[in-house]
Amino acid sequence: MSAAPAASPPGAAEPDGAPRIAALDILRGVAILGILFMNVNDMAASFNYPDIRQLGWTAADRMAWWTRAILADGTARAMLEMLFGAGMVILTDRVADAAGMRIAFRRYYWRNIVLWLFGLVHMFVLLWPGDILHTYGIAALIVFWFRHLPPRWLIAIGLIGAVANFVGAGVFGNYLPYRDRTEVAAIQARQQAGHRPDAAERKTLAASATRTAEQAAERRTREAMIAAENRARSSTTADWVRESWTKSIARLSEDEFAGIWEAAGTMLIGAALFKLGILQGGRSRTFYWRLLIFAYSLSLPLRAFAAYEETRFDDLPQLSWMTYEFARLGTTLGHVAAICLIVGTAAGARMFRPFVAAGRTALTLYVLQTIACLWVLFPPFALALYGKLGWMEMMLVSAGIDLGLLWLANVWLRHFRIAPVEWAWRSIVEGRRLPFRRAAG
């Protein structure tokens, strides 16, 4: 596949002078449209569902869920994070070459602070607690300080989170619960044989009973949260607003660190992949075939096993908790390789050409997904379809919305130079009103 190397991106195509690389726009377009398939269940049903069967479990639902779990879960998010890392390298190098690193630092930080503010508007005005913009805005400020490291160090640092997840889930999620269950089972077996537990054994049994009671209390709390959310999102607009704000505040106060940690690590990996010429399609077809086979052969079996563990529908620890992040990154790399291979052919390039427009309007499309789902399909007013769709129906709705947005992006860029949300973001960053319409003719 022919593409411009990382050192010489093509000429500027944006009103603020930001360079565009078609291969990155294609990946971004695929990722931003793909992310709706991950968000739709939280938009169409409860954020807190403990059992996937509650959202529908017909044969069609099972097929849709298994496909989503193995091929898609978390990969659109990972691809966007990788592209943020690539964008960090492109933008800071461009500004540094033109005006020096001090200006590059200021411009890049201001750019991402504004993005963070846009994310808050997305959460508290458009009422989407699952927003990623505010998380990416903060994570991008962190990865900036690693931009000059060679690719091998960027990858090594980026994988720290995956390694920490593997170790933490292995020890606290699997080994310790397994050890405790084994000890309790052994004590209970001796009790049945007439043995009277000693003080240490009684302490072990008491701790096990306490954990069981805590788990039951957590289940009751989760069920109460689901019931409250269902009532709020199916009753009045005021109840829906309060519920959304409550979730957004909880996200910012309780879950933000984990999201920033994940995003920053994957951004560093993306920066490395860009420096190596991988994301922009600058390597040979043989390289991409090897990457695809290697990534998929390791990650897809892990993803299939994770789906199997989730469909056991029990309270036992899952080994896939340990491997989730490695499997997510591996599957995403496989997707990147597959897209680069397809785009490297004439027919594939034609097929993916519409996604260039989606990549250039990604921020606007992301907001339009929220408007279509939360303000038309699933609010307490309008179509009011909250809680009424199964997995297959949600996937089909997502596909329909994405096809409409893909068409809209291509039509829009025939008449305008930049999408509305991108225009507002970059105009604020530039401190001036950027050109919006294309010149006549």
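The values are calculated or read from the model by the stated rules, or taken from the named source; none is laboratory data. Since we're looking at a predicted model, the values are computed, not measured. Don't worry about glycine lacking a Cβ; one is built from the backbone with ideal geometry, like all the others, and counts go over all protein chains shown.
Structure summary
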{"read-out": "From ALA232, ALA263, residue being closer than 22 Å to PRO380 by Cα, in contact with an Asp or Glu (Cβ under 8 Å, 6 or more places away or on another chain) and buried (at least 18 other Cβ atoms within 10 Å of the Cβ)", "value": "ALA232"}
{"read-out": "All helices (runs of 4 or more DSSP H) inside the stretch 152-261 with 2 or more residues being under 25 Å from LEU389 (Cβ atoms)", "value": "199-234, 237-250"}
{"read-out": "Output for the stretch 419-439, where each listed residue is at pLDDT below 95, not charged (D, E, K, R) and not in a helix (DSSP H, G or I)", "value": "GLY431, LEU434, PRO435, PHE436, ALA439"}
{"read-out": "Which numbered condition ARG312 misses (of (1) in a helix (DSSP H, G or I); (2) loosely packed, with under 15 Cβ neighbours inside 10 Å)", "value": "(1)"}
{"read-out": "Residue match in the stretch 404-416 (condition: out of contact with any strand residue (DSSP E or B) (no Cβ under 7 Å at 6 or more places or on another chain) and assigned to a loop (DSSP other than H, G, I, E, B))", "value": "no"}
{"read-out": "Leading residue by the ranking (farthest from GLU243 (Cα to Cα)) among those in the stretch 40-56 that are in contact with a Phe, Trp or Tyr (Cβ under 8 Å, 6 or more places away or on another chain) and among the hydrophobic types (A, V, I, L, M, F, W, C)", "value": "ILE52"}
{"read-out": "Residue check for LEU149: surrounded by 12 or more Cβ atoms within 10 Å (Cβ to Cβ), under 40 Å from the mean Cα position of the chain (by Cα), outside any helix (DSSP H, G or I) and not basic (Lys, Arg)", "value": "yes"}
{"read-out": "Inter-residue pairs, beta-carbon under 7 Å, first free of Cβ contacts under 8 Å to residues at least 24 places away in the same chain and in the stretch 306-321, second buried (at least 18 other Cβ atoms within 10 Å of the Cβ) and part of a helix (DSSP H, G or I), 6+ apart", "value": "GLU309/SER320; SER320/LEU302; SER320/ALA306"}
{"read-out": "Single residue of GLU223, GLU201, GLU183 found to be touching a residue at least 12 places away in the same chain (Cβ under 8 Å), farther than 30 Å from PRO380 by Cβ, surrounded by fewer than 18 Cβ atoms within 10 Å (Cβ to Cβ) and acidic (Asp, Glu)", "value": "GLU183"}
{"read-out": "Index of the failed condition, ARG350 passing every other in (1) farther than 21 Å from ILE70 by Cβ; (2) touching a Leu at 6+ places or on another chain (Cβ under 9 Å); (3) surrounded by fewer than 22 Cβ atoms within 10 Å (Cβ to Cβ)", "value": "(2)"}
{"read-out": "The stretch 238-251: number of residues that are exposed (fewer than 14 other Cβ atoms within 10 Å of the Cβ) and at pLDDT below 95", "value": "1"}
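The rows are residues; the columns are (1) touching a Cys at 6+ places or on another chain (Cβ under 8 Å); (2) surrounded by fewer than 20 Cβ atoms within 10 Å (Cβ to Cβ); (3) at pLDDT 80 or above.
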site	(1), (2), (3)
SER2	no, yes, no
PRO10	no, yes, no
PRO19	no, yes, no
ALA31	no, no, yes
PHE37	no, no, yes
MET43	yes, no, yes
PRO50	no, yes, no
